[in-house]
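The values are calculated or read from the model by the stated rules, or taken from the named source; none is laboratory data. Everything numeric here is computed off the predicted structure, so don't read it as measured data. For neighbour counting, all protein chains shown are included, and Cβ atoms are generated from backbone atoms with ideal geometry for every residue, glycine included. Note: areas computed on protein heavy atoms with side chains; ligands, DNA, RNA excluded. Shrake-Rupley method; radii C 1.70, N 1.55, O 1.52, S 1.80 Å.
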Amino acid sequence: MRKKIVAGNWKCNTTVSEGVALAKQVSDLVVSKGAKDVVVVLGTPFTHLTSVAAIIDKSRVSVAAQNCAAEPKGAFTGEVSVSMIQSTGATFIIIGHSERRDYYHETSEILNKKVALTLAQGLTPIYCCGEALAIREAGTENAFVQNQLEETIFNLSAEDFGKIVIAYEPIWAIGTGRTASSQQAQDMLAFIRGLIAKKYNQSIADNCSILYGGSCSPANANELFGQPDIDGGLIGGASLKADDFLAIINAY
Ligand code: 13P
């Protein structure tokens, strides 16, 4: 059975003390009122990981980094390796977010290495894909996303592929308030699941958690999560407000 996952991506927001306070609030709310069958993940800045991992209830909430180095260690000033991330207590790493691809020129080749290093260290990649508005308007979004998957994660062994989480985030829906309709999101996630079934097998496809991200909010989460192929969300803005994030967690 694939897992339902609601993951927050805090992006470049909050100081350490603000982040710790937010994480504590979320953790307490999840423990007292959160749906028990939802895996809750907090994607914090690197600087917050250790402190956040120390104050959450780890039986209900997990921590994610938002990026990692493409090399295991060495002379790469400013980079943070997967083993460093693991040593904080984080268990997930968001990889290939469109903001990293666009602003920091992360190519499929780089992302491929990051995914492999994350898996080798026993952490779970939340691999992001998704098209820009021009591609959606040209009607070529399926081919574009297929290419992203083929270049970055379809080289994984079946065993490794069975460990990853995928997040589809159309760039035109991120931070814009213009969410994909539940049908658009469902169609793409069903397409991705079909590709996984063809490339690997139906059981791996059925067990892969595929999330939707992009202007997900308490107002639209219920309809989105009601779609058969949507296994949860990767949440940006709304994950910075504990009550909104809890409402999304409980939208199933
Ligand atoms: P918003 O929820 O703010 O649109 O961000 C989505 C996102 O990019 C999560 O990774």
Subject >> Candidate set from segment 88-103 (those that are open to solvent by less than 30 Å² (accessible area, probe 1.4 Å) and among the polar types (S, T, N, Q)); member that is farthest from the ligand (Cβ to nearest atom) >> reply: 88
Original post:
Of the conditions (1) hydrophobic (A, V, I, L, M, F, W, C); (2) open to solvent by 10 Å² or more (accessible area, probe 1.4 Å); (3) within 16 Å of the ligand (Cβ to nearest atom), residue 65 fails just one. Which one is it?
Top reply: (2)
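Criterion first (within 14 Å of the ligand (Cβ to nearest atom), aliphatic (A, V, I, L, M) and either in contact (Cβ under 8 Å) with a residue 24 or more places away in the chain or buried (at least 21 other Cβ atoms within 10 Å of the Cβ) (or both)) does residue 85 satisfy it? First the steps, then the outcome.
Values: within 14 Å of the ligand (Cβ to nearest atom): no; aliphatic (A, V, I, L, M): yes; either in contact (Cβ under 8 Å) with a residue 24 or more places away in the chain or buried (at least 21 other Cβ atoms within 10 Å of the Cβ) (or both): yes.
No; evaluated as a whole, the condition is false for this residue.
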Original post:
What about residue 35, is it in contact (Cβ under 8 Å) with a residue 40 or more places away in the chain, assigned to a loop (DSSP other than H, G, I, E, B) and closer than 17 Å to residue 246 by Cα?
Top reply: yes
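Considering 113, 73, which residue is over 25 Å from residue 213 (Cα atoms), open to solvent by 60 Å² or more (accessible area, probe 1.4 Å) and free of Cβ contacts under 8 Å to residues at least 60 places away in the same chain? Step through it out loud before you land on a result.
Details: 113 fails: over 25 Å from residue 213 (Cα atoms).
Step by step, each of 113, 73 is checked, and only 73 is over 25 Å from residue 213 (Cα atoms), open to solvent by 60 Å² or more (accessible area, probe 1.4 Å) and free of Cβ contacts under 8 Å to residues at least 60 places away in the same chain.
Select from segment 232-250 the residues that are open to solvent by less than 10 Å² (accessible area, probe 1.4 Å) and within 20 Å of residue 165 (Cβ to Cβ) and list them in ascending order.
Taking segment 232-250 and keeping what is open to solvent by less than 10 Å² (accessible area, probe 1.4 Å), we get 232-235, 239, 242, 245, 248-249.
232, 233, 234, 235, 239, 245, 248, 249, listed by residue number.
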**OP:** Consider residue 142 carefully, then state whether it is open to solvent by 50 Å² or more (accessible area, probe 1.4 Å), polar (S, T, N, Q), farther than 20 Å from residue 3 by Cβ and not in a helix (DSSP H, G or I).
**Re:** no
Subject >> Condition broken by residue 156, with the remaining ones in (1) open to solvent by less than 40 Å² (accessible area, probe 1.4 Å); (2) within 16 Å of the ligand (Cβ to nearest atom) satisfied >> reply: (2)
**OP:** Kindly provide the set of residues from segment 67-115 that are within 29 Å of residue 55 (Cα to Cα), in a helix (DSSP H, G or I) and under 18 Å from the mean Cα position of the chain (by Cα), ordered by number.
**Re:** 82, 85, 86, 99, 100, 114, 115
**OP:** Please find, among 175, 162, the residue that is under 18 Å from the mean Cα position of the chain (by Cα), open to solvent by 20 Å² or more (accessible area, probe 1.4 Å) and more than 10 Å from the ligand (Cβ to nearest atom).
**Re:** 162
Original post:
Just a yes or no: is a residue in segment 34-45 open to solvent by 10 Å² or more (accessible area, probe 1.4 Å), polar (S, T, N, Q) and within 14 Å of the chain's Cα centre (by Cα)?
Top reply: no
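Just for helices (runs of 4 or more DSSP H) wholly inside segment 184-252: which have at least 2 residues that are within 13 Å of the ligand (Cβ to nearest atom) and in contact with a helix residue (DSSP H, G or I) (Cβ under 7 Å, 6 or more places away or on another chain)? Please lay out each step first, then the result.
Numbers: elements: 202-207, 221-225, 242-249.
Once the helices (runs of 4 or more DSSP H) in segment 184-252 are filtered for at least 2 residues that are within 13 Å of the ligand (Cβ to nearest atom) and in contact with a helix residue (DSSP H, G or I) (Cβ under 7 Å, 6 or more places away or on another chain), what remains is 221-225, 242-249.
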**OP:** Could you identify the single residue in 52, 6 that is touching a Gly at 6+ places or on another chain (Cβ under 8 Å), touching a residue at least 24 places away in the same chain (Cβ under 8 Å), surrounded by 15 or more Cβ atoms within 10 Å (Cβ to Cβ) and closer than 14 Å to residue 94 by Cβ?
**Re:** 6
